[in-house]
1. Could you state the angle between the C-alpha long axis of helix 54-66 and the longest principal axis of the C-alpha atoms of the chain, as a value from 0 to 90 degrees rounded to the nearest 10?
2. Place +1 on the Cβ of every Lys and Arg and -1 on the Cβ of every Asp and Glu in segment 212-366, take the dipole about the Cα centre, and give the residue among Gly293, Phe303, Gly257 whose Cα lies farthest towards its positive end.
3. In a shell of Cβ-Cβ distance under 10 Å around Lys126, excluding Lys126 itself, what net charge do Lys and Arg (+1) and Asp and Glu (-1) give?
4. To the nearest µm²/s, what D does Stokes-Einstein give for segment 232-311 at 25 °C and 0.890 mPa s, using the Kirkwood radius over alpha carbon pairs as Rh?
5. Compute the helix-to-body angle for 383-396: its Cα long axis versus the longest principal axis of the chain, expressed 0 to 90° and rounded to tens.
6. Using unit Cβ charges (K, R positive; D, E negative) and no other charged atoms, how large, in debye to the nearest 20, is the dipole of the chain about its Cα centre?
7. Return, ordered by residue number, the residues of segment 16-39 whose backbone nitrogen is under 16 Å from a label point located 7 Å along Cα→Cβ of Leu45.
8. Taking the Cα atoms only, what angle lies between the long axis of helix 366-377 and the longest principal axis of the chain, rounded to 10 degrees?
Amino acid sequence: MEEHEIVIGLEVHAELLTESKMFCGCSTKFGSAPNTQICPVCAGLPGTLPVINGKAVELALKAAIALKCRPASFSRFARKHYFYPDLPKNFQISQFEEPLAEGGYLSIEGRTIRIKRIHMEEDAGKLLHSEDEGSFSSVDLNRSCVPLIEIVTEPDIRSSFEAEKFLASIKRILEYLEVSDCNMEEGSLRCDANISVRKKGDEAFGVKTEIKNMNSFKAVRKALDYEARRQISQLKKGEKLRQETRLWNDGLQITEGMRSKEEAHDYRYFPEPDLVPFTVDSSWTERITAMVGELPVQRKERFIKDYSLSDYDAEVLTAGKDTADYFEKCAAGYPNPKLLANWIMGDIAALLKSHKTDICDSPVGPESLVRIASMIEEGKITGSIVKKALQESFDTGIAPEKIIAEKNLAQIHNEDRINAVIKETVEENPKAVQDYKNGKEQAVSFLIGQIMRKTSGQANPAILKKNLLEYLKEIK
């Protein structure tokens, strides 16, 4: 590929996080039985009239402003005509000449990827294919009319890695602003890619191929790499490339021809007669801009500056808005943000994952984490006790500090109690004592571990180690 340059443009479709569909009141909930969330409007029955979902427009504007696009002062919907079995009206309500916003950008790895436009449209239904003998296909219209935005880039992307990073950044922003849940497995984030190759130094674009059916970021990267190699190979053989649409076959790890696109498809766009145009005035734009607020990249930079966190820690903590909010609530009440970050990214994150719980629903609220962090610092409890209390908190829903109090799990400072356990443990482990006498320092760690086990992790570590060493020295 040294002689050639790869040119990539992306079309990113994201379903908007609304409770009802784009032009009717049907639910957008994923996973319901086929055709249980439809009405005459989204089923495309004659005589029905669509009504614009205001929440969908608001979410689309949030995405546009976050991606530095210019919202159009005048925007309207259009009919995009094509036939497909899961498109009940035989046209899709989309936008064409008057999209919602244009002219944005997103910086990736020091490069600027321009965004040509963001427009709104309704999603199509879904075909369900039977694998039984005498196979057939059926149509599920639950997804029909679900609100979408399409983010169209300029052909500024120059590698599959850059394409993947762009998609990851878009996903992060849309999730952060609660514009979309971006669940690729459920189809709420999808991507088509246009790719061509040209000799390095050439200004003219090569013949492009559109790639569809990529269901993960990994698939996008692999499909683009494969297609780049395929096109370069054909050019080196002197073969002519043709403009076409190809599908990514994840099983075979190849792209396969779907249809030729020698000429641009005529969708016969015309303004949607049943929907009035809408305007986006300055007051609306200002209100949405205030709602967008601080974006993940900006918040990450502030976390590094204000809380002295590493780049990695700040990246993890700002990956989701709820996690970033949780951390900031904790940091407002505790002077050691690094310790809080460690607990949030470590034990809290692991427990959230194992219990399939979001941090905003965690039984360990910010106040609880601050309390137990303070107790650790004050020497009232040990880290091992906290781990047990956190686990029980997630299992029962009871706050960890309450568990510690009710079960009397506070750290043991009483030297007589600690010394009694030291004496007992030393008598039970003569080999470890002899190893220590022979200069094996790890024997001390072994004995400390045994004592901690006997005290359920409650012995004060500093007192324990000091008194143990003194006791060992006295043994002849």
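1. 70
2. Positive-end residue among those listed: Gly257.
3. -2
4. Values: Rh = 19.6 Å.
Estimated diffusion coefficient is 125 µm²/s.
5. 50
6. Values: 66 positive and 74 negative charges, 210 e Å.
With only Lys, Arg, Asp and Glu charged at Cβ, the dipole is about 1000 debye.
7. Residues 24-27, 35-39 qualify, since their backbone N sits under 16 Å from the label point.
8. 30
Bear in mind these aren't lab numbers, they're just calculated from the coordinates by the rules spelled out. Worth saying up front: this structure is predicted, and the values here are computed from it rather than measured. Virtual Cβ from ideal backbone geometry, glycine too; neighbours counted across all protein chains shown.
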